[in-house]
There are 2 protein chains.
Amino acid sequence: MFRPEIKVVDCTIRDGGLINDHQFDDRFVRAVFKAISAAGIDYVELGYRASKNAFSPTKFGSPKFCEEDYLRKIIDGIENKTKLSTMVDIGRVDLSQVPAKKDSVVSMVRVACYIKDIDKAIDLVNHFADKGYETTVNIMAISNALTPDLDEALTQLAECPLKAVYIVDSFGALFSEQIHFLVKQFVRHLKPKGIETGIHCHNNQQLGFGNTIEAIRKGANYLDGTIYGIGRAAGNCPLELLLSFLKNPKFNLEPILEVIEKELLPLRKKIEWGYIMPYAITGILNQHPRAAMALRAGKDKDKYAEFYRTLLNDIELT
Amino acid sequence: MFRPEIKVVDCTIRDGGLINDHQFDDRFVRAVFKAISAAGIDYVELGYRASKNAFSPTKFGSPKFCEEDYLRKIIDGIENKTKLSTMVDIGRVDLSQVPAKKDSVVSMVRVACYIKDIDKAIDLVNHFADKGYETTVNIMAISNALTPDLDEALTQLAECPLKAVYIVDSFGALFSEQIHFLVKQFVRHLKPKGIETGIHCHNNQQLGFGNTIEAIRKGANYLDGTIYGIGRAAGNCPLELLLSFLKNPKFNLEPILEVIEKELLPLRKKIEWGYIMPYAITGILNQHPRAAMALRAGKDKDKYAEFYRTLLNDIELT
């Protein structure tokens, strides 16, 4: 699959940091950035631009805040082919702390929101676009969004200064036919206005990569992945697989394989993500992984059948 | 996806045994059989019917040979909703040792072959059909088969006493568009003769489940899976995911989750399968996993970038 419009966005640090409160040391973040840049990836998302009023800097690491000085320290001295991105959440960003694009090393700001918060997301998009940034809106938990609500949101978003609007399968619940339906709906609204459709898949049912391929087939051009699939709970579409599928000669797989063996493999022994049954179960049941995360933190972490029964009962009671 | 024609075939013991020379003790095999039967799976493949002249019974465990007495011991006293299957390889079966169906607990014999050996496979199919068994042909390494060769093979197979002919992505190399192409080709030849198309996917690129879904969408009705994805190298389509996708009320997920926590998880700590980079790399390069298996057995088992470079060079030299 070679399509020049395709942009790959690596979220290793941003999404992976949801496992460990973004407690990555500078050496690790620099190693990831170096690999991503050497691999020719289009964008790298180095974290959130969260407000220190919303999150304590004693609990959370620097990629949670992505202050300008921090980002400059991370990229210092590394050949930089890759544009920088940061993510903001509704209500968790202090806009006065974000410089204008001309004073920042960041190129793109991605606004994450639920379907109910689209109007707030549009406010933020306008703010960051006015400051000179490229912007996207990433619609989370899309497996719970209703089609008419999405139609209304996409109609509004089509009029915004956006590079892309993302389908985010936060729960890892979607199958290919649902992906096809969503991508077609997004493309129909957005493409005529020059806005691309993005895809960010979670891997609860081992469909992170497969569903990303299906989104590409139907026209998605902004593609998220993470190295070795790192990310909260089951993690994400593995970047190394995505690159090999895309076959664009600008990409180079070797630096990614190297950073997996040197950095991600040792990290995986300390913190967990991937195909772990409770996360598969929340994906199967189209639920947020929080119940599975709680289970994995306790002594019953491998009681899969009981967890499944409990979750089924909880759903039936709601 | 509910389609009454769909048959699910569990290969946990047969394909999983390729990791450990089928050294599963009877207790483990009975636990798997019990779970599969309680889950309502259509068929369970308990091993190969290999000849003891071809494989030493001191090196290989009982599921390699699936002698009648062994199989009766395994299923004894367990409520049996599930039909038994065994697999045979070309040139590795002693036909005089296989009883007629009326004297066997086995319902189905699956003949595994490469595209070059189709004529030999047809001989075996005729033999087993004459003995009263249901039969399938499973075309291995199909990512290396040429379309005209497949057309010729399918034309012949369409005239045989077969339940199904399988697409076997042995190297875990295929993407969805290739799966679509193959399933359409198979269905076109086979369906008019009442023969179903089967799918057996390996999971090297985390597409075992995704490609099985794509095969189902295009008409495949015989579906292979293994519990917790166990199988040689990267393993197979995880049965637990497949069941939850199919949503047929005859299937029950809980017994599978229970046997994962009680049997598969402890086993996974002793022998490895799944998303392991060298197996992903052989999948990406459409190669047999043997080089990756050799790497994993040695001290350089996590030198992914070097392995990738070496394999690329080897391919270019051939």
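The values are calculated or read from the model by the stated rules, or taken from the named source; none is laboratory data. Note that this is a predicted model, so its numbers are computed, not measured. A quick note on method: Cβ atoms are made from the backbone with ideal geometry, for glycine too, and the neighbour counts reach across all protein chains shown.
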For region A:18-48 the number of residues that are of a type in the set (Lys, Arg) and within 24 Å of A:Met293 (Cβ to Cβ) is 0
Positions within region B:207-228 being assigned to a loop (DSSP other than H, G, I, E, B), away from every other protein chain (no Cβ under 11 Å) and at negative phi, in sequence order: B:Lys218, B:Ala220, B:Asn221
Need pairs with beta-carbon distance below 9 Å; first residue closer than 14 Å to B:Glu272 by Cβ and outside the structural domain of B:Ile256 (by TED's automatic domain parsing) and within region B:13-30, second outside any helix (DSSP H, G or I) and modelled with pLDDT under 95; sequence gap 6+ or separate chains. none
Only one residue in B:Leu295, B:Leu257, B:Leu241 is over 21 Å from the mean Cα position of the chain (by Cα), free of Cβ contacts under 8 Å to residues at least 40 places away in the same chain and surrounded by 15 or more Cβ atoms within 10 Å (Cβ to Cβ), so which one is that? B:Leu295
Please report, ordered by residue number, the strands (runs of 3 or more DSSP E) entirely within region A:101-188 with at least 3 residues that are touching a Lys or Arg at 6+ places or on another chain (Cβ under 7 Å). A:106-113, A:134-139
Do the conditions hold for B:Glu258, that is, is it of a type outside the set (A, V, I, L, M, F, W, C) and either in contact with a Cys (Cβ under 7 Å, 6 or more places away or on another chain) or facing another protein chain (nearest Cβ under 10 Å) (or both)? yes
Can you find a residue in region B:134-144 that is among the charged types (D, E, K, R) and more than 22 Å from B:Leu207 (Cα to Cα)? yes
Does A:Phe28 meet the test of being surrounded by fewer than 24 Cβ atoms within 10 Å (Cβ to Cβ) and part of a helix (DSSP H, G or I)? yes
Check B:Leu295 against each of (1) among the aliphatic types (A, V, I, L, M); (2) modelled with pLDDT of 95 or more; (3) over 25 Å from A:Ile227 (Cβ atoms) and name the one condition it does not meet. (3)
Facing chain B (nearest Cβ under 9 Å), surrounded by fewer than 16 Cβ atoms within 10 Å (Cβ to Cβ), closer than 20 Å to A:Gly172 by Cα and at pLDDT 95 or above, is that true of A:Arg290? no
Tell me, yes or no, whether region A:239-255 has at least one residue that is within 23 Å of A:Asp21 (Cα to Cα) and not in a loop (DSSP other than H, G, I, E, B). yes
Tally time: how many residues in region A:171-204 are closer than 21 Å to B:Glu177 by Cβ and touching a residue at least 40 places away in the same chain (Cβ under 8 Å)? 1
B:Asp123: free of Cβ contacts under 8 Å to residues at least 12 places away in the same chain, of a type outside the set (Phe, Trp, Tyr) and closer than 16 Å to B:Val44 by Cβ, yes or no? no
Any residue that is more than 19 Å from A:Tyr43 (Cβ to Cβ), surrounded by 15 or more Cβ atoms within 10 Å (Cβ to Cβ) and in the same structural domain as A:Asp26 (by TED's automatic domain parsing) - is there at least one of those in region A:70-83? no
